[in-house]
Structures are given as C-alpha cells and as structure tokens.
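Single-structure report; data block below.
Please treat every number below as a calculation from the coordinates, not as lab data. None of the values given here were measured: they were computed from a predicted structure. Glycine gets a Cβ as well: all are built from the backbone with ideal geometry, and neighbour counts include every protein chain shown.
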Amino acid sequence: MSDWFIYRGTGGPAPDRIRDLPEPPPWRRFDAPVVPYEVPPLDSSTSRRLGARSVPLPVQDDGTLELINAALYLRRPLLVTGPPGAGKSTLAHSIAYELGLGRVLEWPIVSRSELRDGLYTYDAIGRLQDAQLDRTVPGADAAPADRSGDIGRYLRLGPLGTALVAAERPRVLLIDELDKSDIDLPNDLLNVLEEGRFAIPELERISDRPGQETVEVLTDDGRRVPVTHGQVRCHAFPFVVMTSNREREFPAPLLRRCVPLDLEAPRDQRLAALVQAHFGAGAYEDNHDIVEQFTEAEADGALRPTDQLLNAIFLAQHAARGAAGRRGELAQLLMRPLDRGPR
Ligand SMILES: Nc1ncnc2c1ncn2[C@@H]1O[C@H](COP(=O)(O)OP(=O)(O)O)[C@@H](O)[C@H]1O
Ligand SMILES: [Mg+2]
C-alpha cells in the first residue's frame, strides 16, 4: 500500500483523509466561492451495495487503487469498464463511504438520456398552473401569495448539476452505463466536465431584475442552494465515476480526458471480502461449497456476475434450515452464465 493513496479500499471509513488531497494541477483548478449547502449523508443505496462492511479486507488490488487515486489527484473522471457484476457501480459507493463524501449522486444512463437531464429540469407547466391559481384564487393560499414568482421552486438540478454546485468537499457522481447513451451524450458531457460549470438560461435571463440576482433552486438531494447570475460553478471538482459494459466505444477526446480503469470480476481474496461484507465474518468459509461451484463454473469461460453468488448464498442459508441436501442444487439453479441464456 502506497502512502500517497487517499482512497485505500480497506473498507473502513476515513473521512479526514480527503484533507490530505493536494491542490489540483493548475489546469484543473476551479475557483468558484463555496456556497452554503449541507451535503446529505450516505443513503441506503450505498449500504445495500456495500453490505455491513464488518470485515476490513482489501477489495481492490494496488493497480486499481493507483488509477482511482490518480483520478482523485488529477480531478479527472474515472471511466470504469468491465463485465457485469465486476463491481463498477459499487466502486462509486465504496469511495463515498470510505472518504465520507456523503450521498452518491446517481445518473443511470438510458438511450434517451440527454445532457440537459443530468444538469437540471425546469417545470414550466407547473409554474404556469400555479400562476393561474395565484390569479384566480387571490389570498386563498395563506402562504406566499405569489408562488409562481419564485422561479427557483420550479428548477431542480439533476445529479450532474448538483455535483457541480460549489461544495467544500467533492461530491461523488456515478454516471452509470454511459455506453447505453446515444451518440452525442459523451461529447456533450465532455464540455461540462472540462469547464466544471454550466448556465441555466432561465435564470440568466432574469438576473438583472431586482431581487433575482441570486435564486435558490432545488438539488437532486431535495435541498435548496443559491445560484447567482444563473451560473453553476464548481469549487472542489466532483469525483466522477463513469461505468461501461463496453457495449460501445467512446470518442477519443473523452477517453483522453478520463482515467481508464478496467475492472476484472472479483476472485479469491476480493471475492472473499465481498461475501464477508454481505454475510459477515466466516461466511466465505461456511459457504465454500457454493463459492467453489461459482468459481469452477467460471472455468468454462462463461460470464457469471457476483450478484448471482450473493443470491445463491442468501438462499442456501435459508434452505439449509429445511433440506440441507438441496443447497447445492439451489445454488446451481441461480448461478447461470449470462451469455448462454436459460438452460
Ligand atoms: N466493494 C464491494 N463491497 C461489497 N460488495 C460489493 C463490492 N463491489 C461489488 N459488490 C457487490 O457485487 C455485486 C456486483 O456489483 P456491481 O457494482 O453492481 O457490478 P457492475 O456495476 O460492475 O455490474 C453487487 O451485488 C455488489 O453488492
Ligand atoms: Mg452496474
């Protein structure tokens, strides 16, 4: 283990270590003033993925750790490729957990995803409806009479937009399965990640009106943050994890600006660590028969995601109470190669 590592993948939380992260290189410095905003803590989507984490075992090898830390030092997105179940999406959670960076902002990509979805949404129709109500029922709402006048109520930052809010500590942003996107998204994304900023034209347009220079908008976490002159600019560059199942290649300019990490499916010590994280110490040894079935089956070159092993162990633990003999068969049923279809 090298001591320049900020993220060590040991499993235990070390929220102070991020303070040891040196200044970014000059070409990745973002200088927006920090805005007052409280980052919400990790939520259940992290604990679901990571398990109880009672056993501190290294879940990443040194080569992987070097690349993850390189991305942290360079303030560059990490582009993680690897087979399904390799632990790509979980990596973002693991970093947020260990470094105490708060709730992971998740942006699952589908073919229809556009840059705009990740940045912010503006509910113009909702605002129009409220404006009509404000007009037709004067004083009916005892609360602020002119709800629709507060444009910030109708603007909500997406996961990418929220990651770029000038917080003191970097947020973790997971852009999951980027290879599912349409052809333009990777390039559009590139510009925003290079600049660390974006504009909200709806706010820019009105920022010269009295009282509208700074407007509070909603974040992806449901908090309110001030946006001045319609510009969202980052302070600490977020830790961005982009994952890909290699369904498509990415454009060269994107690859050039990311730190690429190829994650192998977990085996041996890493697999043991995962099983113990989810089922407690000793679980790896106790379920050795199933683990062996899983790894042996792997020898035929077929693709089996780790999730299947976790499901099989879970079920086998319960089935063992009834008919112990069915453990093996049950596990077999669940652990099927992905690329062969049902038998
Ligand atoms: N570091 C880890 N600690 C605990 N469990 C993990 C870890 N990495 C992966 N897993 C488990 O392995 C499974 C597959 O991980 P996932 O991140 O969904 O893979 P991918 O995104 O590569 O398809 C999940 O069930 C997850 O809970
Ligand atoms: Mg995934």
query: Mind checking the log10 I(q)/I(0) for the chain at q = 0.06, 0.12, 0.15 Å⁻¹? Debye, one equal scatterer per Cα, no solvent, two decimals.
result: -0.27, -0.91, -1.23
- request: Determine, for each peptide in 18-28, 174-184, the mean count of other beta carbons within 10 angstrom over its residues, then list the peptides with the highest first.
  value: 174-184, 18-28
message: Can you say what percent of the DSSP beta bridges in the chain, counting only those with both residues inside, are antiparallel? Round to 5.
response: 40
task: Can you pull a Stokes-Einstein diffusion coefficient for the range 1-114 at 37 °C (0.692 mPa s), Rh from Kirkwood over Cα pairs, as a whole number of µm²/s?
output: 209
- prompt: What nm distance separates the two modelled labels at ALA14 and ARG267, each placed 7 Å from Cα along Cα→Cβ?
  reply: 2.8
- prompt: Measuring from centroid to centroid over Cα atoms, what is the spacing of the range 237-269 and the range 13-85 in Å?
  reply: 14
